[in-house]
1. Being closer than 18 Å to R9 by Cβ, free of Cβ contacts under 8 Å to residues at least 60 places away in the same chain, of a type outside the set (S, T, Y) and assigned to a loop (DSSP other than H, G, I, E, B) is the filter here, so list the residues in the stretch 62-108 that pass it.
2. Give W99, W61 a once-over and let me know the one that is modelled with pLDDT of 95 or more, closer than 30 Å to I149 by Cα, of a type in the set (A, V, I, L, M, F, W, C) and out of contact with any Ser or Thr (no Cβ under 8 Å at 6 or more places or on another chain).
3. State which residue is nearest to C104 (Cα to Cα) when the search covers only the stretch 123-169 and only residues that are crowded, with 17+ Cβ neighbours inside 10 Å and small (G, A, S).
4. Applying the selection to the stretch 1-46, what residues are surrounded by fewer than 20 Cβ atoms within 10 Å (Cβ to Cβ), among the small types (G, A, S), in contact with a Pro (Cβ under 7 Å, 6 or more places away or on another chain) and outside any loop (DSSP other than H, G, I, E, B)?
5. hydroxyl-bearing (S, T, Y), touching a helix residue (DSSP H, G or I) at 6+ places or on another chain (Cβ under 9 Å), crowded, with 19+ Cβ neighbours inside 10 Å and under 17 Å from A32 (Cβ atoms): does that describe Y98?
6. In the stretch 16-56, how many are aliphatic (A, V, I, L, M), in contact (Cβ under 8 Å) with a residue 60 or more places away in the chain and closer than 23 Å to Y114 by Cβ?
7. List every residue pair whose Cβ atoms lie under 7 Å apart, where the two residues are 6 or more positions apart in sequence or sit on different chains, the first residue falls within the stretch 114-140 and is more than 29 Å from D161 (Cα to Cα), and the second residue, located anywhere, is surrounded by 22 or more Cβ atoms within 10 Å (Cβ to Cβ) and modelled with pLDDT under 95.
Amino acid sequence: METDRIRLRPWRESDAEALFRYASDPEVGPRAGWPPHKTPEESLEIIRSLFSGEGMWAVEWKETAEAIGCVGYLPSSASNLKIDDDQCEVGYWIARPYWGKGFCTEAMRMIIDYCFQEKGFSVLWGSYFPDNPASGRVMEKCGFVDTGIEVLCPNLEVGADRPVRVMKLGKEVTENRRT
């Protein structure tokens, strides 16, 4: 999956240095519910364990061929939210030098199409910490609506004690845009 600027591809072990460079930034991980990476070895282990499964992609900036973030989905069985089996939770993060440049929105639009067209999910869910409104704006740009619900996500490594705002996107919304 790709646009003119980015490509979504599987994570590679060779991405560990770039992942560490960006994921060690204390402003990045906590906004998404995980602690900053402490070593390149930790980043490599995360690539091997968390990022190697189905539904996770590196966001590669084509200009440098470097992984600058991550985007993906979690099926209901792995979701932080209580959702039905034909639904999934989507998530993303992007390195700070690339904030505000539309990379997350581009990546999310590709994931939305993949989740609805290829995987057949009926509803996509997302969440963000209210003190990170930029993340909520990404979802809004992609058609998600605010449910008005805030919940705790006890599975998060950082922020399990802080509520997240829940967003929702139904398949019918994206189909109506195409017609």
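1. Hits for the stretch 62-108 are E63, A65.
2. On the way: W61 fails: closer than 30 Å to I149 by Cα.
Matching residue, one of W99, W61: W99.
3. Top of the filtered list is S135.
4. Selection gives G29 alone.
5. Numbers: hydroxyl-bearing (S, T, Y): yes; touching a helix residue (DSSP H, G or I) at 6+ places or on another chain (Cβ under 9 Å): yes; crowded, with 19+ Cβ neighbours inside 10 Å: no; under 17 Å from A32 (Cβ atoms): yes.
Against the criterion (hydroxyl-bearing (S, T, Y), touching a helix residue (DSSP H, G or I) at 6+ places or on another chain (Cβ under 9 Å), crowded, with 19+ Cβ neighbours inside 10 Å and under 17 Å from A32 (Cβ atoms)), Y98 does not qualify.
6. 1
7. none
The values are calculated or read from the model by the stated rules, or taken from the named source; none is laboratory data. Because the structure is predicted, anything quoted here is derived from the model rather than measured. With ideal geometry, Cβ positions are generated from the backbone for all residues, glycine too; neighbour counts draw on all protein chains shown.
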